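> Quick one: the structure is below, questions incoming.
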Amino acid sequence: MTTETEIDTVKAAAAVVSVAAAEAEAPAPDVVASKRDRTPPVQSVLEKLFELYPNLFGAEFLPLKLGIFQELLASHPEHFSRDALKAALGVHTRSTRYLQCVASGKPRHDLQGAPVEAVAPEHVYWAILELFRRRQARAAQDLRPKLRAQLLAAFEASGLTRQDYLARVQTRDTDSTAALEDAFAELDQTLARQEALRTAFVASGKTVEEFADMYGLDRRDVTRALEGKPRAEASAANA
């Protein structure tokens, strides 16, 4: 991403960028910003960004490279003032659509639309959490199971050990910490079940088909469990 706004807020909070309370109460998930944020100068800057860089600010948003704020100022001094561009990029990067592209793990892109660097794992993590907060505020059902699945997928995609990942995403926000702890607890339970099934399978001397039929299991579930890492290996990798 880019901006001084993002850098400041990443240091300060559990979100990819600062999240305005007004936007969290917006009537639709795809609203770029709250009405209060969409002042005429900001709106005109957003429209100009769309005109100049439709691949970045158009129908599909892409994560922006770090430092792109300065590049935009240097490239288009006739179009953007520092304050107006900073405000517009703040609105853009607070939007649900932008957080969605960050949470998906897409790489950051430069002004030419070329991928240049990976989004930091902690930015993906905070984007997932912020999207969960916005959706849960509007949803009747409990979205925490989906949140745990998304957090685990983001952790696996990071390629980090559990210890390193926790060091990257640590925050003082107790709800964020609890969500990740719940996700890892669910992962540990899954690994434990896989290990128990694997042990029982080896002891049985049966084929996969015979073992599945004997315990009334889906053969695909048995195969997936047998192909997974043994718990000892997983624990060592995450230590």
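> For a quick check of your reading: which helices (runs of 4 or more DSSP H) sit entirely within segment 135-228 and have at least 2 residues that are closer than 25 Å to Val119 by Cβ and not charged (D, E, K, R)?
It comes to 144-158, 162-169, 174-204.
> Now a separate question. Mind checking which residues of segment 40-86 are over 19 Å from Pro107 (Cα atoms) and among the hydroxyl-bearing types (Ser, Thr, Tyr)?
Those that are over 19 Å from Pro107 (Cα atoms) and among the hydroxyl-bearing types (Ser, Thr, Tyr): Ser44, Ser75, Ser81.
> Here is a list: Ala139, Ala87, Ala154. Which entry is out of contact with any helix residue (DSSP H, G or I) (no Cβ under 8 Å at 6 or more places or on another chain) and at negative phi?
Numbers: Ala87 fails: out of contact with any helix residue (DSSP H, G or I) (no Cβ under 8 Å at 6 or more places or on another chain); Ala154 fails: out of contact with any helix residue (DSSP H, G or I) (no Cβ under 8 Å at 6 or more places or on another chain).
Result: Ala139 is the single residue among Ala139, Ala87, Ala154 that is out of contact with any helix residue (DSSP H, G or I) (no Cβ under 8 Å at 6 or more places or on another chain) and at negative phi.
> Kindly indicate whether Pro145 is within 27 Å of Asn55 (Cβ to Cβ) and surrounded by fewer than 18 Cβ atoms within 10 Å (Cβ to Cβ).
Criteria not met by Pro145.
> Then there's this: Go through segment 68-94 residue by residue and tally those that are surrounded by 23 or more Cβ atoms within 10 Å (Cβ to Cβ) and part of a loop (DSSP other than H, G, I, E, B).
So the count comes out to 0.
Coordinate-derived values only; no laboratory data. Since this is a predicted model, take the numbers as computed values, not measurements. Here Cβ is always computed from backbone atoms with ideal geometry, including for glycine, and neighbour counts include all displayed protein chains.
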